[in-house]
Amino acid sequence: MEVHKICVLGDFAVGKTSLVSRFVDNRFSSNYVASIGAKVDVKEIALPGGAPSRLVVWDIAGTGTLTELFLRYVRGASGYLLVADGTRAETLDRALELHEAVESHLAALPFVGIINKADLESQEIHRDRLARLEQGGQIWICSSALDGTNVDRAFELLFGELGTEE
């Protein structure tokens, strides 16, 4: 069985832990507890082509800045989800900075960007900005960990990227 380390990256309180909980256990908790370090979950899935794979999902504590510890957590990943909070535009800027840091210090890895909290009305990240990122070859999807909208789809898009890296 193939094993893939997947990291979930982004600023504080963008919903990384909620996205992982929704994906791995199909649950959501409204109790916010800041992650410290990294929390690791495992889920078995079938990647494109049907091969069974084990995903080791690293929910890495939120950060807007690059640290050596952050780089150690990400090292060895097959790919990652880059998460921003749709109600706080600055979290997209920080997510893109983390993406650049991963690429410059580690390697260009497959990733999918997620604008989380799509269920909330006060969206600050505009669709035209995402369209520009997508025109540059990036994949971005809007999701809601609360109601599950596009959570599995975001992981599926990443799986598709993993399946094409060979």
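Table for the structure above
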read-out: Residue in segment 100-115 that is surrounded by the most Cβ atoms within 10 Å (Cβ to Cβ), counting only those that are small (Gly, Ala, Ser) and outside any loop (DSSP other than H, G, I, E, B); value: Gly113
read-out: Single residue of segment 70-82 satisfying the filter (of a type outside the set (Phe, Trp, Tyr) and assigned to a helix (DSSP H, G or I)) that is nearest to the chain's Cα centre (by Cα); value: Val74
read-out: Pair list, Cβ under 7 Å, 6 or more apart: segment 136-162 residue farther than 22 Å from Asp25 by Cα and at pLDDT 95 or above, other residue aromatic (Phe, Trp, Tyr) and surrounded by fewer than 20 Cβ atoms within 10 Å (Cβ to Cβ); value: none
read-out: One residue from Asp59, Asp85, Asp41, Asp25 being surrounded by 17 or more Cβ atoms within 10 Å (Cβ to Cβ), without any contact (Cβ under 8 Å) to a residue 24 or more places away in the chain and either over 26 Å from Gln135 (Cβ atoms) or under 15 Å from the mean Cα position of the chain (by Cα) (or both); value: Asp41
read-out: Cβ-Cβ under 8 Å pairs, at least 6 apart or on other chains, segment 97-108 side closer than 16 Å to Gly136 by Cα, far side among the small types (Gly, Ala, Ser) and modelled with pLDDT under 90; value: Glu97/Gly64
read-out: Criterion violated by Glu97 - all others in (1) surrounded by fewer than 20 Cβ atoms within 10 Å (Cβ to Cβ); (2) at pLDDT 95 or above; (3) among the charged types (D, E, K, R); (4) out of contact with any Gly (no Cβ under 6 Å at 6 or more places or on another chain) satisfied; value: (2)
read-out: Odd one out for Ser30, checked against (1) surrounded by 13 or more Cβ atoms within 10 Å (Cβ to Cβ); (2) under 21 Å from Ser144 (Cα atoms); value: (1)
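The values are calculated or read from the model by the stated rules, or taken from the named source; none is laboratory data. Being a predicted model, the structure only gives us computed values, none of them experimental. Using ideal geometry, Cβ is built from the backbone for each residue, glycine included, and neighbour counts are taken over all protein chains shown.
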